[in-house]
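First up is the structure itself, then whatever we jot down about it.
No value in this document is a laboratory result; all are computed from the given coordinates. What you are looking at is a predicted structure, and each value in this text was computed from that prediction instead of being measured. Methodologically, a virtual Cβ is constructed for each residue, glycine included, from the backbone with ideal geometry; neighbour enumeration extends over all protein chains shown.
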Amino acid sequence: GVANRFDSFTPEVACKLPAIAPVRELDPARWDFGGCDEVVAFAARHNRTIHGHTLLWNSQMWMPAYVGAMGAMEKRAFVTMYVTAVVAR
């Protein structure tokens, strides 16, 4: 299977903001980390490592519109909260 072909896995899209919080939600406890956690759990079950991937892109495709609508201070706080929440998992 896939686990036997690779030494590490990269969650890529599963840990990006549109997958975790596609709509404005300021409480990380309510974000959906299901896909991200699934990739990490799969790697752990098969004794493989996880390779981090870019969490933020300056692109409309990877940045929900609600983030663009935030003011500078709110955006900085939100992005810090998002990165901290993902990396802490």
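What angle do you read, to the nearest 10 degrees and between 0 and 90, between the alpha-carbon axis of helix 72-88 and the longest principal axis of the chain?
Approximately 20 degrees, to the nearest ten.
GNM on the chain, C-alpha springs below 10 Å: top fluctuator among Gly35, Gly71, Gly52?
Gly71
List the longest stretch of the chain that has no exposed loop site; here a site is one of the chymotrypsin sites (Phe, Trp or Tyr not before Pro) assigned by DSSP to anything other than H, G, I, E or B, with at most 13 other Cβ within 10 Å.
7-56
For segment 9-89, what is one quarter of the convex hull surface built on the Cα atoms, given in nm²?
The number I arrive at for segment 9-89 is 5.0 nm².
Quick check: the angle from helix 34-45's long axis to the longest principal axis of the chain, C-alpha only, nearest 10 degrees?
With both axes taken from Cα atoms, the answer is about 30 degrees.
I'd like the distance between the alpha-carbon centres of segment 1-34 and segment 35-69, rounded to an integer number of Å.
Centre-to-centre distance over Cα atoms comes out at 4 Å.
Counting other Cβ atoms within 10 Å of each Cβ, which GluC sites (Glu not before Pro) in the chain have at most 16 and sit in a DSSP loop?
Passing sites in the chain are Glu25.
So, with +1 on the Cβ of K and R and -1 on the Cβ of D and E, and no other charges, what is the size of the charge dipole of the chain about its Cα centre, to the nearest 20 debye?
Result for the chain is approximately 120 debye, rounded to the nearest 20.
How much length is gained on full extension from Leu26 to Leu55, taking 0.36 nm per residue of separation minus their Cα-Cα distance?
Gain on stretching Leu26 to Leu55: 8.7 nm.
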